[in-house]
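The values are calculated or read from the model by the stated rules, or taken from the named source; none is laboratory data. Note that the structure is predicted; figures quoted are calculated from it, not measured. When we count neighbours, we look across all protein chains shown, and the Cβ atoms used for this are built from the backbone with ideal geometry, even at glycine.
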Amino acid sequence: MTSPDSFSFRSKFSSEEEKEKALVTQYRDLLHQKQGELQKTLQAGLKSFHEVDLAQAAREFRKLANDLKLLEKLATDKGNHTDRNTLNDLSGKQWIQHTKSWVVVDGRPGSITKEIKDHPASFPPSLAEFFISYFTKRGQWVMDPFMGIGSTVEACFTTQRNCFGTELNPKYCEFAQSRISKILNKDKKRKENIPKDLQWNIFNSDARNATSLWQDQNTPPIDFLITSPPYWNMLKKSRGGVKSVLKQRVEKGLDEYYSESQHDYGNIDDLAGYLSQLTDLFVSFKPLLKPKAYLMIILQNCRPKDGEMRPIAWDFANHMKEHFILRQEFIWCQDQKFAGIWGYPTTYVSNVHHHYCLVFQNSR
């Protein structure tokens, strides 16, 4: 008998049961991959409840519920399919679930390695999985020119997509390049279900070189681009007064910002120059992208210490509209992020726990 405070799942169902539960072919891999993280969240919530820390217990169980909702969208296949669906492999019901304009996704620092923690602003692979499942079909090509420590490549592995990307920082790139092998070393059974022709090509290079690398490698046209570029030089701007996450990272010996490289977009001090150069970069990717391919670029507005908000995401969207069709935005919300007491007790300063996932479409 399985303990009620333990996450496990039946690995064998009859074909009739799988159909009734609407399970996708690779549901075992998906559940097995997420099992450890779900278990840690459950145990943390139960421990907090036992200690009568109800606020923390609520946070843990909210995260658990959000993770299970995302997992349901990936592991089940409810509804009817149609051959007219040229965008993804989803049914009509799944399509609806993916088009709500906001999503809550949190990473769990306690369940990730030192290498992942060392990156100052990575996004959870489950966020990329959610969007990749909507904007592509299995076997298609996904690009991330700001690969970081490889959240996108792990998401491509999980959803069985090919991946092409670049990362400027050699330390982050090395981890991204080895991320799939590390997963397989922990779970060798997953090798059996991986299509042999999938590729995950990550290069230690400036994103400005991505087009030439794509050409040199004879990489097929890109079906979907998803990335989170540096949010201007936000990581180098102090908010003052309170011991922020950034200051805590320094004390722990973790990276404070991405790099000192002159090629790093996070080191451009002039906001107008940053927006212009970043827009030019994505315009340079047009030859790589399929006609009508979608791009999702994740950014956040910034409020430096001077108190005046810089609407980076909105201004960037206006720049990009000159070259791509601005289709929509998703709001990515974080419920587990550190909350500081900014501005207390005289000035309004919010805790910014959301990001703008801007959706563009190639117009050519």
### Query
How many residues are surrounded by fewer than 21 Cβ atoms within 10 Å (Cβ to Cβ), touching a residue at least 24 places away in the same chain (Cβ under 8 Å) and either of a type in the set (D, E, K, R) or not in a helix (DSSP H, G or I) (or both) if we restrict to region 204-228?
8
### Task
For residues that are buried (at least 18 other Cβ atoms within 10 Å of the Cβ) and either of a type in the set (Ser, Thr, Tyr) or within 19 Å of the chain's Cα centre (by Cα) (or both), tally how many sit in region 279-299.
9
### Query
Which of (1) at pLDDT below 90; (2) within 29 Å of Phe224 (Cβ to Cβ); (3) of a type in the set (Lys, Arg) is the odd one out, the single condition Arg10 does not satisfy?
(2)
#### Entry: Pick from region 327-356, criterion in contact with a helix residue (DSSP H, G or I) (Cβ under 7 Å, 6 or more places away or on another chain) and assigned to a strand (DSSP E or B), ranking: farthest from Ala57 (Cα to Cα)
Tyr356
#### Entry: Filtered residues of region 321-342 (kept if under 29 Å from Leu289 (Cβ atoms) and aliphatic (A, V, I, L, M))
Ile325, Leu326, Ile331
### Task
Mind listing just one residue for me: the one in region 43-64 that is in a helix (DSSP H, G or I) and of a type in the set (A, V, I, L, M) and, of those, farthest from Gln334 (Cα to Cα)?
Leu46
### Query
Under the condition of being part of a loop (DSSP other than H, G, I, E, B) and β-branched (Val, Ile, Thr), which residue from region 65-96 is modelled with the lowest pLDDT?
Thr82
### Total residues in region 97-112, condition at pLDDT below 90 and exposed (fewer than 15 other Cβ atoms within 10 Å of the Cβ)
3
